[in-house]
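Just below is one structure, and these are the notes that go with it.
The values are calculated or read from the model by the stated rules, or taken from the named source; none is laboratory data. These figures come from a predicted structure and were not determined experimentally. As a convention, Cβ positions derive from the backbone with ideal geometry for all residues, glycine included, and neighbour counts pool all protein chains shown. Note: accessible area is taken over every heavy atom of the protein model, side chains too, but ligands, DNA and RNA are not part of it. Shrake-Rupley method; radii C 1.70, N 1.55, O 1.52, S 1.80 Å.
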Amino acid sequence: MNFLLSVFIAIFGAVVGSFLNVCIYRIPEGKSLVFPASSCPGCGHPIRPYDNIPVLSYLFLRGRCRDCGQKISPRYITVELITAVMAVFLFRHYGFSLHFIFTFLFTAVLVVVTFIDLEHGIIPDVITLPGIPLSVIVSVTVMGVSFLDSILGMFLGGGIFYLIAVGYELLAKREGMGGGDIKLLAMLGAFFGWQSLIFILLVSSLLGSIVGIGIMLIKKEGMKYAVPFGPFLSVAAVAYLFWGFEFGYMMTFYWG
Ligand SMILES: [Zn+2]
């Protein structure tokens, strides 16, 4: 029974992931998320319902359009699988509760942010600007964070990154951290409370350094381009969802 429930939650996650793919494709282009129905970017043929089944259709079609044979980005199946796995993990962590619903929604937003940042190098304001006040509301009403901790998280999150960005520009004489990262960290701080920021900054910069050094070694050239930082912040935020509240309480205990 437990297994069947997990399968059901995984299917639910994959279906949501399929919609997140639409968001990732359309939000940077400023297009409607609802109309028109999806079509192949290669030949414009509308996608048939039976070719639109999450995960499975990509496998059956071997990653190509049925009509013109153009390659479908592996991002589609990747996002569907990640969202399905996240749904199952969060369900096992929180059970069927408001916590589950809202942490899953929050994670879905982070998946969209991550893949838009990877493809376009931006974090759209249409996500983070409404995301910041919504995070404060969910944080206080569902996550059990106090209003003060959430507001402090928002201001500190935005402020810390703003200072890092300004400092980096002064030292390196070029722009490193984008404004999108600043607003994303403000949103994360608002969602988890200020106690989360040290954990999120530590984990994300550690991951960012490892990947950055890896890319430098493979490409054998200096860091001429900035690696998008949104994905690392998002991964760190998901890690905080599972392990961070203990870390946060520890910090409160230490300072309090
Ligand atoms: Zn096509």
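Run the accessible area of the chain with a 1.4 Å probe and give the carbon-and-sulfur part as a rounded percent.
74
Can you work out ³J(HN,Hα) from phi for every residue in region 38-47, in order, using Karplus 6.51 cos²θ - 1.76 cosθ + 1.60 and θ = phi - 60°, giving whole Hz and x for Gly and Pro?
Values per residue, Gly and Pro as x: 5, 9, 6, x, x, 10, x, 5, x, 7 Hz.
Would you mind telling me which residue in L134, L170, L233 has the biggest mean-square fluctuation in a Gaussian network model of the chain, where springs connect alpha carbons within a distance under 10 angstrom?
L170
Search the structure for amide H atoms under 5 Å from the amide H of R64, placed 1.01 Å from N in the peptide plane, and list their residues when 5 or more places away or on another chain.
Here the answer is I72, since their amide H atoms fall under 5 Å of that of R64.
Grab the other residues whose beta carbon is less than 11 angstrom from that of I72, score K and R as +1, D and E as -1, and report the net.
+4
Can you tell me which of 60-67, 119-126, 14-21, 30-37 comes out highest on packing, and rank the rest after it, using the mean Cβ neighbours within 10 Å?
Per-residue Cβ counts within 10 Å, averaged per peptide and sorted highest first, yield 14-21, 119-126, 60-67, 30-37.
For the chain, report the accessible area per residue in Å² (1.4 Å probe, heavy atoms, rounded to an integer).
Each residue of the chain exposes 56 Å² on average to a 1.4 Å probe.
Please identify every one of the chymotrypsin sites (Phe, Trp or Tyr not before Pro) in region 71-111 that sits in a loop by DSSP and has no more than 16 other beta carbons within 10 Å of its own beta carbon.
Passing sites in region 71-111 are F96.
Using alpha carbon centroids, what distance separates region 102-180 and region 15-91, in Å?
Value for the Cα centre distance between the two parts: 26 Å.
What are the extents of the Cα atoms of region 112-244 along their three principal axes, in Å, largest first?
Rounded to whole Å, the extents work out to 49, 30, 25 Å.
To the nearest 500 deg cm²/dmol, what mean residue ellipticity at 222 nm is calculated for the chain from DSSP H runs of n ≥ 4 alone, each contributing -39,500 (n - 2.57), summed and divided by the residues?
-23000 deg cm²/dmol, from helical runs alone.
Suppose we take every Cα in the chain and form the convex hull; what volume per residue is that in Å³?
Details: hull volume 39.5 nm³, N = 256.
Convex hull volume per residue, Cα atoms: 154 Å³.
Between 0 and 90 degrees, rounded to the nearest ten: what's the tilt of helix 196-219 against the longest Cα principal axis of the chain?
So the inclination is approximately 60 degrees.
Can you compute 3J(HN,Hα) from phi for each residue in region 24-30, using the Karplus curve 6.51 cos²θ - 1.76 cosθ + 1.60 with θ = phi - 60°, rounded to whole Hz and x for Gly and Pro?
5, 6, 8, 4, x, 8, x
Count the net charge of all other residues whose Cβ sits under 9 Å from the Cβ of C40, scoring Lys and Arg as +1 and Asp and Glu as -1.
Local charge sum for C40: 0.
For region 113-124, what does the Karplus curve 6.51 cos²θ - 1.76 cosθ + 1.60, with θ = phi - 60°, yield as ³J(HN,Hα) per residue in whole Hz, taken in order and with x for Gly and Pro?
After applying 6.51 cos²θ - 1.76 cosθ + 1.60, I find 4, 4, 7, 5, 5, 5, 7, 10, x, 9, 10, x Hz.
By the scheme Lys and Arg +1, Asp and Glu -1, what is the net charge of all other residues having a beta-carbon under 14 Å from that of L118? List each step's numbers first, then the result.
On the way: positive: R75; negative: D117, E119, D181.
So the surrounding residues net to -2.
Please list the non-local residues whose amide H lies under 5 Å from the amide H of S39, H modeled 1.01 Å from N, same-chain partners needing a gap of 5 or more.
I47
For a quick check, take a GNM of the chain with Cα springs below 10 Å and name the residue from G158, G230, G44 with the largest mean-square fluctuation.
Among G158, G230, G44, the largest mean-square fluctuation in the Gaussian network model of the chain belongs to G44.
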